[in-house]
Amino acid sequence: MLRRRPLLALLPATLAASAAPAQQEARAGDLAVQQPWTRAAGQGATGGGFLSISNRGAAADRLLSASSPAARAMELHTMVRDGDVMRMRPVEAIEVPAGQTVTLRPGGLHMMLIGLSQPLRVGETVPVTLRFERAGEVRVDLSVQAAGAREPAPHRH
Ligand SMILES: [Cu+2]
């Protein structure tokens, strides 16, 4: 006879396994970070991280780095044209000019989660800490969308 394992034993240790939260806004100083999301991916794979950063202050800021307990490392990337193909290239930082909004999205600036410690499943969230030059640390939760998603699920019910 099969025994059911306790539900808690099935929860990932490093990911918050909450159901998809409402669109959130995380603030630090003059910055507001909106619509953090990622895409479903397998353990050991590499995932993209996307979000918008609004700078409502009078001074420019810079995203210097990001980290997550769900990934061995995180990098900041841009896309550059190389002949007929677009390639990813690491960048030192992502500038957020005063009074502007910078959007990290597929095909443009983005974060990479390298070496996922466990699969990312649709509906889960992935905790990420962003480090800004001026605003300091901002904690966000990437909402996991379907693999291949191009946008942060505008029609979620
Ligand atoms: Cu990349």
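The values are calculated or read from the model by the stated rules, or taken from the named source; none is laboratory data. Predicted, not measured: the structure shown is a model, and the values here were computed from it. Please note: Cβ atoms are built from the backbone with ideal geometry, for glycine as well, and neighbour counts cover all protein chains shown. Just the protein is used for accessible areas: all its heavy atoms, side chains included, with ligands, DNA and RNA removed. Shrake-Rupley method; radii C 1.70, N 1.55, O 1.52, S 1.80 Å.
What to note about this one:
- Criterion: in a loop (DSSP other than H, G, I, E, B), within 27 Å of Gln43 (Cβ to Cβ) and open to solvent by 40 Å² or more (accessible area, probe 1.4 Å) - qualifying residue of Pro69, Pro106: Pro69
Conditions tested, residue by residue: (1) within 24 Å of Gly29 (Cα to Cα); (2) within 15 Å of the ligand (Cβ to nearest atom); (3) open to solvent by 20 Å² or more (accessible area, probe 1.4 Å); (4) not in a strand (DSSP E or B).
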position	(1), (2), (3), (4)
Glu75	yes, yes, yes, no
Met79	no, yes, yes, no
Met86	no, yes, yes, no
Arg89	no, yes, yes, no
Glu95	yes, no, yes, no
Leu113	no, yes, no, no
Thr129	yes, no, yes, no
Glu137	yes, no, yes, no
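Quick grid of which residues meet (1) in contact (Cβ under 8 Å) with a residue 60 or more places away in the chain; (2) among the hydroxyl-bearing types (Ser, Thr, Tyr):
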| position | (1), (2) |
| --- | --- |
| Ser68 | yes, yes |
| Glu75 | no, no |
| Thr78 | no, yes |
| Asp84 | no, no |
| Ile94 | no, no |
| Pro97 | no, no |
| Thr101 | no, yes |
| Arg105 | no, no |
| Met111 | yes, no |
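- For the range 37-73, filtered to residues that are of a type in the set (Val, Ile, Thr) and within 17 Å of Ile94 (Cβ to Cβ), the residue that is nearest to the ligand (Cβ to nearest atom) is Thr38.
- Test for Leu51: is it more than 12 Å from Arg131 (Cα to Cα) and open to solvent by less than 40 Å² (accessible area, probe 1.4 Å): yes
- Subset tally (residues that are in contact with a Ser or Thr (Cβ under 9 Å, 6 or more places away or on another chain) and among the hydroxyl-bearing types (Ser, Thr, Tyr)) for the range 66-84: 2
- Some residue of the range 139-150 being at pLDDT 95 or above, under 15 Å from Leu63 (Cα atoms) and not in a strand (DSSP E or B): no
- For the range 115-127, the tally of residues that are in a strand (DSSP E or B) and within 13 Å of the chain's Cα centre (by Cα) stands at 5.
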